[in-house]
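J.: This is the structure I want to talk about, given as structure tokens.
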Amino acid sequence: MLRLEAMSCGYGGMRAVEALDLEVGAGEIVALVGANGAGKSSTLMAIAGHVELQGGRILFDGDDISSAAPMARVASGIALAPEGRRLFRDLSVRENLVVGGYVRDAGRQARNIETVLALFPRLAERFERPAGTLSGGEQQMVAIGRALMSEPRLMLIDEVSLGLMPKMVDVCYGAIRALRARGLGVLLVEQSTERAFAAADRVCVLESGRAVWRGSAAEARGNSAVIDAYLGVGRATADAAS
Amino acid sequence: MLQLELTIQGLINGSMYALMAVGLTLVYGLLRILHVAHAGLYTLGAYIAVLIANASGSLLLGAAVAIPAVGLAGMAVYRLLYEPILDRPPYVALIASIGLFIVMEEAYRLVFGPYGETFSTPYLAGRLAIGPIGAKGAEVLMVIAAFGLLTLLALLARRTRFGVAWRATVSDPAMARSFGVDTIKVRYVNFFVASGLAASAAILVAVLNNLVEPTMGSVPSYKTLAIIVLGGLGNVAGTLAASLALGVIEAFGTIYIGHLLDRDAIAFLFLVLVLMIRPQGLFAAK
């Protein structure tokens with residue numbers, strides 16, 4: 001469904017991601033892992049059209065969308081829950097969802113809101129509250145729900161678990177699995193390798209903008225020492241030292 | 001009884017400030033521009049209304065033409081003045097806006113003369129009274145217009161899909177655009193509404209004073225700029241509260257310290273004092 005061919009992207013003269021090949025199929029969860037600044041968020045933002053493409057192509061259902069505007073990508077079925085969530089903080093949960101579904105006609109709005117509330121019943125209790133007053137976990141639900149309002153076939157989710165309580169992380173991953181079961185493709189960025197390996201079907205490790213390891217989640221679990229070394233995480237080295 | 005009358009007088013003046021300042025804070029919230037030329041559009045509304053009212057004999061027709069016409073003029077100001085310099089530092093737009101305001105005032109002076117226009121038949125000059133409390137017809141209409149128009153605006157902003165998109169654009173333009181919101185249209189609508197509100201305020205002031213003059217926007221321009229700072233730049237509810245508060249303070253001050261300072265001086269003294277204590281405004285925007 002989504003196919004990156006030697007995609008490079010960056011900001012001005014700076015290269016964030018170098019010649020990345022990646023595929024995400026329908027009904028599949030792919031996790032991007034890597035250290036800070038490895039290019040994970042930039043990859044998602046480039047697919048959504050927010051970061052300048054500097055080489056290669058982005059194909060969605062075989063169509064080259066490399067130069068399509070962000071809005072056109074949303075309309076074609078790609079939705080983003082971005083880094084930092086970027087909710088409309090003064091707007092209520094309901095209003096955030098309304099904006100999320102802006103490319104779809106108003107008639108489908110009510111049905112899509114029902115879908116989101118069925119996925120995250122907790123949002124029904126917070127429906128008219130300003131999004132900025134919600135807890136981190138609830139805000140992540142709004143971010144995912146807002147993205148779902150555009151009826152995507154591919155979801156890009158950044159920093160799924162960052163800063164969330166473990167229980168909330170479970171809720172979010174429960175929802176992501178439910179989306180996979182409905183045939184959505186999910187490309188997510190995850191700080192916690194443990195979480196990523198547990199939830200994903202496939203894993204791609206980025207280091208300094210390049211893919212350095214890829215494989216199934218099961219293989220990733222078997223190679224976690226290697227992957228941790230790529231991430232340069234303190235955890236792996238600290239464990240080894242102690 | 002005096003206190004009640006002063007409060008009512010204050011709310012009347014506050015309503016006028018609100019109609020004008022809300023537009024100013026809307027522009028600031030969306031584009032981070034201090035839209036000084038707003039006061040020039042305000043004056044334009046009064047001129048169009050008085051000229052059409054005197055030619056046709058109908059104030060209603062004058063207002064019905066002036067309000068949308070000034071709305072369109074506001075859109076033109078955005079398109080021709082602000083849009084080309086949006087990526088420059090904010091002071092560039094501020095200087096351009098001050099420049100346009102001066103040009104507009106001078107243009108009114110050149111075209112319509114320095115002495116001002118009056119309505120050939122004064123409108124709404126009668127006094128409406130409930131018991132001992134009374135106000136001129138134009139003053140009552142000022143309060144009704146401010147309440148009605150701003151309530152309508154709030155309903156549009158809260159209840160309609162476009163209103164929600166508008167507020168989302170103020171909150172995060174890039175995200176709103178990526179979800180398919182036409183943020184350029186939001187800007188045009190924003191300028192249309194803001195300018196139309198200013199025109200309606202100006203028409204009511206013109207009727208109340210039975211005078212339209214080239215510099216009628218000067219004092220309101222300073223005051224409303226200060227009001228939107230008090231209200232927390234970009235914060236509509238705060239701007240409303242600050243408008244009414246300033247109106248009431250002015251009304252009381254005129255009576256109790258009026259022998260020391262005139263009304264405008266009292267207003268600015270209040271603004272200076274508040275900003276010394278709370279430089280972020282009474283209601284800082286989040």
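J.: If one takes the longest principal axis of the Cα atoms in chain A, at what angle in degrees, from 0 to 90 and to the nearest 10, does the Cα axis of helix A:106-119 lie?
T.: Relative to chain A, helix A:106-119 is tipped by roughly 60 degrees.
J.: Here is a further query. Chymotrypsin sites (Phe, Trp or Tyr not before Pro), restricted to the stretch A:33-117: which are DSSP loop and have at most 14 other Cβ atoms within 10 Å?
T.: none
J.: Near B:Met75, within a Cβ-to-Cβ distance under 14 Å, what is the net charge of the other residues, with Lys and Arg +1 and Asp and Glu -1?
T.: +2
J.: May I pose another question? Please list B:145-157, B:206-218, B:181-193 highest first by mean number of surrounding beta-carbon atoms within 10 Å per residue.
T.: B:206-218, B:181-193, B:145-157
J.: For q = 0.14 Å⁻¹, what log10 I(q)/I(0) does the stretch B:174-286 give under the Debye formula with an equal point scatterer on each alpha carbon and no solvent?
T.: For the stretch B:174-286 at q = 0.14 Å⁻¹, log10 I(q)/I(0) is -0.72.
J.: Also, I was wondering about something else. Using a cut-off of 10 Å between beta-carbons, work out the net charge of the residues near A:Tyr173 (Lys and Arg +1, Asp and Glu -1, A:Tyr173 not included). The partial results should precede the final answer.
T.: Values: positive: A:Arg177, A:Arg195; negative: A:Asp170, A:Glu190.
Around A:Tyr173, the surrounding residues sum to 0.
J.: Here's a follow-up. Tell me which DSSP H helices of chain B clear both cut-offs, 24 Å or more of axial length from alpha-carbon atoms and a mean Kyte-Doolittle hydropathy of at least 1.6.
T.: B:59-77, B:137-159
J.: Here is a follow-up. What fraction of the DSSP beta bridges in chain A is antiparallel, stated in percent and rounded to the nearest 5? Mind dumping the intermediate values first?
T.: On the way: 23 of 40 bridges.
Taking every DSSP beta bridge within chain A, about 60 percent pair in antiparallel fashion.
J.: Another question, then. Remind me, relative contact order of the stretch A:2-241 in percent, using alpha carbon pairs under 8 angstrom and six or more residues apart? Walk me through the intermediate numbers first.
T.: On the way: 480 pairs, mean separation 65.8, N = 240.
Once normalised by length, the contact order is 27 percent.
J.: Another question about this same structure. For the protein assembly as shown, what does the helix formula give at 222 nm: sum of -39500 (n - 2.57) over DSSP H segments with n ≥ 4, over the residue count, nearest 500 deg cm²/dmol?
T.: Rounded to the nearest 500, the figure is -19000 deg cm²/dmol.
J.: Please report the net charge: other residues with Cβ closer than 11 Å to the Cβ of A:Asp61, K and R +1, D and E -1.
T.: 0
J.: Another question, then. Please get the size of the charge dipole for the stretch A:53-209, origin at its Cα centre, with Cβ charges of +1 on Lys and Arg and -1 on Asp and Glu, quoted in debye to the nearest 20.
T.: So the magnitude is around 320 debye.
J.: How long are the semi-axes of the ellipsoid equivalent to chain B, from square roots of 5 times the Cα gyration tensor eigenvalues, in whole Å, largest first?
T.: The three semi-axes for chain B are 29, 23, 19 Å.
J.: Considering the Cα trace of the stretch B:6-142, what is its radius of gyration and what is Dmax, both in angstroms?
T.: 17.5, 57
J.: Return the carbon/sulfur percentage of the accessible area of the stretch A:2-241, one whole number, probe 1.4 Å, all protein chains in place.
T.: 51 percent
J.: Can you pull the three principal axis extents for the Cα set of the stretch B:87-211, in Å, largest first?
T.: 55, 42, 21
J.: Once Lys and Arg get +1 and Asp and Glu get -1 on their Cβ, which of A:Ala38, A:Gly25, A:Gln54 lies farthest toward the positive end of the dipole of the protein assembly as shown?
T.: Final value for the positive-end residue is A:Gly25.
J.: Could you work out how far the C-alpha centroid of the stretch A:148-214 sits from that of the stretch B:40-87, in angstrom?
T.: 53 Å
J.: Continuing with this model, one more query. Can you list residues from other chains, or at least 5 along the same chain, whose modelled amide H is less than 5 Å from the amide H of A:Glu207?
T.: Amide H neighbours of A:Glu207, under 5 Å, 5+ apart: A:Val212.
J.: Considering the stretch A:2-241, what Rg and Dmax in Å follow from its alpha-carbon atoms?
T.: Just the Cα atoms of the stretch A:2-241 yield Rg and Dmax of 17.4, 60 Å.
J.: Something else about it: Under 14 Å from the Cα of B:Lys136, which aspartates and glutamates turn up, not counting those fewer than eight places away in the same chain?
T.: B:Glu5
J.: Now a separate question. Mind checking the angle between helix A:136-148 and chain A's longest principal axis? C-alpha axes, 0 to 90 degrees, to the nearest 10.
T.: 80 degrees
J.: Between the stretch A:42-86 and the stretch B:184-232, how far is it from one alpha carbon centroid to the other, in angstrom?
T.: Each part reduced to its Cα centre gives a spacing of 42 Å.
J.: How large is the dipole of the protein assembly as shown about the Cα centre if only Lys and Arg carry +1 and Asp and Glu carry -1, each at its Cβ, rounded to the nearest 20 debye?
T.: 700 debye
J.: I'd like the distance between the alpha-carbon centres of the stretch B:105-177 and the stretch B:11-34, rounded to an integer number of Å.
T.: 10 Å
J.: If you restrict to DSSP beta bridges whose two residues both lie in the protein assembly as shown, what percentage is antiparallel, to the nearest 5?
T.: Within the protein assembly as shown, antiparallel bridges account for around 60 percent of the total.
J.: Which chymotrypsin sites (Phe, Trp or Tyr not before Pro) in the stretch B:98-140 pass both tests, a DSSP loop state and at most 12 other beta-carbon atoms within 10 Å?
T.: Sparse-neighbourhood loop chymotrypsin sites (Phe, Trp or Tyr not before Pro): B:Tyr115.
J.: So, one more: Could you give the angle, 0 to 90 degrees to the nearest 10, between helix A:166-181's Cα long axis and the longest principal axis of the Cα atoms of chain A?
T.: 80 degrees
J.: Kirkwood Rh, the protein assembly as shown, all Cα pairs: how many Å? Walk me through the intermediate numbers first.
T.: Details: mean 1/r = 0.0383 Å⁻¹.
Kirkwood radius, the protein assembly as shown: 26.1 Å.
J.: Calculate, for the stretch A:10-121, the solvent-accessible area per residue in square angstrom, rolling a 1.4 angstrom probe over the heavy atoms of the protein chains.
T.: 39 Å²
J.: Once amide H atoms are built 1.01 Å from N in the peptide plane, which residues 5 or more positions from A:Ser8, or in another chain, come under 5 Å H to H?
T.: A:Ala19, A:Leu20, A:Gln54, A:Gly55, A:Gly56
The values are calculated or read from the model by the stated rules, or taken from the named source; none is laboratory data. Predicted model, so just to flag it, every value in this text is computed and none were measured. All Cβ positions, even for glycine, are placed from backbone atoms using ideal geometry, and neighbour counts span all protein chains on display. Accessible surface areas use protein heavy atoms only, side chains included; no ligands, DNA or RNA. Shrake-Rupley method; radii C 1.70, N 1.55, O 1.52, S 1.80 Å.
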